[in-house]
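Written out below as structure tokens is the structure these notes cover.
Please treat every number below as a calculation from the coordinates, not as lab data. All values reported here derive from a predicted model rather than from experimental measurement. We place every Cβ from the backbone using ideal geometry, glycine too, and count neighbours over all the protein chains shown.
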Amino acid sequence: MIEVKNLHKSFIDKKNTVKALDGLSFTAKDGEITGILGPNGAGKTTCLRTLYGLLKADEGSVIVDGIDVLDDPLAVRKRLGIFPDKFGLYERLTAYEQVDYFASLHGMQGANKKAAIEQIFKDLGMEELAHRKTVGFSQGQRMKVTLAQALVHQPKNFVLDEPTRGLDVMSTRVLRNHLAKFKEKGHCILFSSHVMQEVAALCDRVIIVANGKLAAQGTPQELCDLAGEKLLEDAFVKLIGSDEGVAA
Amino acid sequence: MIQFKALLIKELREAFRDKRALLVALSFGLMAPVMIMVMSKFAISQAVESPEIYVKFSGAEYAPKLIKAFKDENILAFVDVPADEKRVWQERNVEVIIPDTYAQDMVDGKPIDIILRADYNEKSLGAPLRRIKDEIRSFSLAIGYKRLLVRGIDIKLLQPITLQQQDTALPTSNAMMISLILGLYLMMGVFVSGQAISIDSSAGERERNVLEMLLCQPVSTLKIVMAKLVSSSLIAAIAVTLMLSLTTVSVSFVDLTKIGATFSLDGFTFTALLMLLIPLCFLASSLQLFVAFQAKSFKEAQSTVGMLIMIPAMVPVAMMLIDDKPSWVSWTPITGQSLLMEDLFKGLPVDWLAVLVTSGITIALTAGLVLTIAKRLTSEKVVMSLS
């Protein structure tokens with residue numbers, strides 16, 4: 001479970017101060033897929049970076065499975081599977097070596113690790129890629145490797161920042177099935193996306209962030225009802241209070 | 001430990017698969033011994049042989065015996081210069097002017113002024129001018145001695161004191177030039193060899209967006225920095241070892257006995273040199289990582305880290321120029337190793353206390369840098385500069 005409580009974060013420059021988070025609070029529960037929506041610059045990435053323990057909030061706290069990220073960032077990261085906003089691959093390593101590396105960083109070893117890596121390659125349908133160096137991989141293939149490294153240690157909580165961008169239909173379906181399976185097993189999944197249909201189809205609850213604050217939350221249906229719109233996209237635009245989100 | 005092992009294996013895999021960086025690292029090690037061999041051979045030939053000197057004589061016809069004496073010492077007339085060297089000697093323009101009264105003055109026993117005109121500041125003329133002066137002096141002395149002998153005077157009277165010079169330098173000290181070049185090369189090797197790997201694993205990783213992902217993992221930044229440090233230091237250490245081994249082989253092709261010198265890298269010297277240089281490899285890599293992590297981009301890292309090469313290039317030279325060195329220089333990193341290497345090359349007994357203190361300070365400095373980098377990697381500033 002991921003609990004975000006009253007997060008405040010400002011970036012102070014020489015000339016101006018940018019308030020990225022302004023009292024954001026939400027909870028992503030176990031056994032649920034929580035979607036996080038927001039226009040560009042709403043504070044999503046800052047929120048997630050605070051969640052990983054890379055940034056320190058000016059005020060408020062992030063608690064993952066009862067552990068405050070400020071107290072023990074390493075223990076929190078151990079419970080997270082992260083698919084970041086910006087990601088790169090080690091291009092001189094093969095896909096297998098790369099996933100193996102991240103599995104080891106999470107303390108896996110021996111036959112256990114080997115079985116987990118083979119399983120995730122099988123699940124994501126990327127056995128053929130396993131022993132190729134990642135240089136020259138297509139966007140979709142790169143996404144898959146990054147997903148594999150985020151999921152290989154079967155974390156209790158997933159934080160996926162737009163994991164479907166660049167994936168083909170088949171892979172997107174595989175990912176969705178995968179997430180649904182993890183959800184049933186009781187994992188907590190925090191999922192950000194700009195594809196409204198996907199959010200509507202996949203998420204149990206949706207959190208809408210705008211200007212560093214929680215704009216609204218609820219099931220996709222509740223949000224539509226709240227805004228008085230039929231489509232989640234229209235509801236989203238209305239709830240964030242501008243048309244800017246459409247361009248995102 | 002699982003984590004550190006994984007981090008290190010990954011760094012080494014990347015380093016050894018980066019063919020270009022590896023080539024740079026090892027090429028320095030391969031180049032040095034060849035350079036040392038070529039330069040020593042050249043220097044020895046300069047020191048031992050007396051090549052032709054071409055001088056513009058005027059009034060040569062008045063002093064045929066003097067000209068003959070010059071010729072015996074390979075000091076020849078400019079008119080005989082071969083075509084390919086003509087331009088060089090034309091530029092050097094060494095003139096010897098013999099007065100037309102030479103023969104008569106010689107008969108009369110009057111002093112004769114012979115003028116040697118040249119650019120005395122020109123470095124390449126140092127040896128030729130010395131040889132011309134020596135020749136004129138000994139020619140003049142020979143005539144003077146004969147005049148005294150004819151008058152029945154023992155020429156020993158002219159030398160009430162003779163100076164006997166006893167050189168306390170060990171035979172190996174004469175190989176100063178080789179040791180100087182080798183010392184400089186080893187220092188440069190320490191700094192150059194791991195450089196590409198250090199930059200790639202720090203600024204390079206940040207530019208390829210893999211650093212953020214790594215910082216999000218449950219692993220302390222200290223382990224991350226340590227793995228990177230060990231990997232690039234190891235490459236530098238391999239290059240330095242290679243350089244030393246090949247130099248041992250290449251120096252054996254140079255006949256140093258010609259200049260009365262011996263130079264050998266025996267097992268003891270070899271091990272002692274490595275003991276001095278390996279801690280330096282770590283210091284160099286940690287400095288490079290520190291600077292590269294500060295840089296905003298890969299390119300900036302390349303240029304700023306490149307500046308670090310000034311340290312190993314300048315320090316040993318400065319050490320040579322300063323005669324009265326303050327005592328602390330034998331303990332501080334780089335200067336300490338530089339002085340200890342000099343002693344080793346000279347065959348002097350090793351000051352083990354200095355070795356221990358220098359290495360200790362080097363390692364402490366490295367540890368300080370590592371801790372600073374690890375701390376900086378947790379700072380928000382670094383995270384913000386990721387995107």
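Name the aspartates and glutamates eligible as straight-distance cross-link partners of residue B:146: C-alpha to C-alpha under 12 Å, and not fewer than 8 places from it in the same chain. In chain and number order, the partners are B:154. Under 5 Å from the amide H of residue A:32 lie the amide H atoms of A:189, each residue being 5 or more positions distant or on a separate chain, with H modelled from the backbone and absent for Pro and chain starts. Counted over all Cα-Cα pairs of region B:1-159, pairs farther apart than 22 Å make up 63 percent. With distances taken between every two different alpha-carbon atoms, region B:202-307 has a Kirkwood hydrodynamic radius of 16.5 Å. In sequence order, region A:100-111 has phi-based couplings of 4, 4, 5, 4, 5, 4, 8, x, 7, 7, x, 5 Hz under the Karplus curve 6.51 cos²θ - 1.76 cosθ + 1.60, θ = phi - 60°, and Gly or Pro positions carry x. Across the protein assembly as shown, the convex hull enclosing all Cα atoms gives 233 Å³ per residue.
Distance check, please: which entries in B:19/B:299; A:156/B:5; A:15/B:299; A:15/A:238; B:133/B:346 exceed 29 angstrom between their Cα atoms? Exceeds cut-off: A:15/A:238; B:133/B:346. All alpha carbon pair distances within region B:283-382 were sorted into 10 Å bins beginning at 0; the resulting P(r) in whole percents reads 14, 37, 30, 16, 4, 0. Each of A:11, A:236, B:4, A:121 was scored by other Cβ atoms within 10 Å of its Cβ. Arranged with the fewest first, they read A:11, B:4, A:121, A:236. Each Lys and Arg adds +1 at its Cβ and each Asp and Glu adds -1 at its Cβ; summed about the Cα centre, the protein assembly as shown shows a dipole of about 500 debye. Applying 1/(1 + (r/R0)^6) with R0 = 51 Å to the Cβ-Cβ distance of residue A:1 and residue B:303 gives a FRET efficiency near 0.60.
Per-residue ellipticity at 222 nm, computed for chain A from helices alone with -39500 (n - 2.57) per DSSP H run of at least four residues, works out to -11500 deg cm²/dmol.
In peptide B:11-21, how many Cβ atoms from other protein chains are near each Cβ within 10 Å, on average?
If you average over the peptide's residues, the count of other-chain Cβ atoms is 2.
If you run the Gaussian network model on chain B, springs between alpha carbon atoms under 10 Å, then out of B:339, B:141, B:242 the most flexible one is B:141.
Dividing the radius of gyration of the alpha carbons in chain A by their Kirkwood radius gives 0.97 for Rg/Rh. Only lysine pairs 8 or more places apart, or on different chains, with alpha-carbon atoms under 16 angstrom apart are counted in region A:88-154, and they number 4.
Between B:76, B:53, B:66, the Cα set farthest toward the positive side of the dipole of region B:51-157 (charges on each charged residue's Cβ, about the Cα centre) is that of B:66.
Projecting the Cα positions of A:90, A:117, B:337 onto the charge dipole of the protein assembly as shown (unit charges on Cβ atoms of Lys, Arg, Asp and Glu, taken about the Cα centre) puts A:117 furthest along the positive direction. FRET efficiency for the residue A:185 to residue A:229 pair, using the beta carbon distance and R₀ = 41 Å, is estimated at 0.75. Only helices enter this figure: runs of n ≥ 4 DSSP H residues, each worth -39500 (n - 2.57), summed and divided by the residues of chain B, yield -21500 deg cm²/dmol at 222 nm to the nearest 500.
Under a model in which nothing but the beta-carbon of Lys, Arg (+1) and Asp, Glu (-1) is charged, chain A shows a dipole of about 640 debye around its Cα centre. Mean per-residue shielding of peptide A:103-110 is 5, counting Cβ atoms of other chains within 10 Å of each Cβ. For region B:71-94, there are no residues whose amide N sits under 19 Å from a probe point set 7 Å from the Cα of residue B:162 along the beta carbon direction.
Rounded if a/c is under 1.5, else prolate if a/b is larger than b/c, else oblate: which is region A:88-154, with a ≥ b ≥ c the root eigenvalues of its Cα gyration tensor? Prolate. With the convex hull of the Cα atoms taken as the outline of chain B, the averaged projected area works out to 26.6 nm².
Loop-located chymotrypsin sites (Phe, Trp or Tyr not before Pro) in region B:224-330 (DSSP state not H, G, I, E or B) with no more than 16 neighbouring Cβ atoms inside 10 Å: B:253. Between region B:88-113 and region B:282-317, the C-alpha centres lie 58 angstrom from each other.
Neighbours of residue A:65 by Cβ distance under 14 Å: Lys/Arg scored +1, Asp/Glu scored -1, total 0. For the peptide A:77-90, the mean number of other protein chain Cβ atoms found within 10 angstrom of a residue's Cβ is 4. Nearest 10 degrees is fine. How inclined is helix B:2-17 to the longest principal axis of chain B, computing both from alpha carbons? The angle comes out at about 50 degrees.
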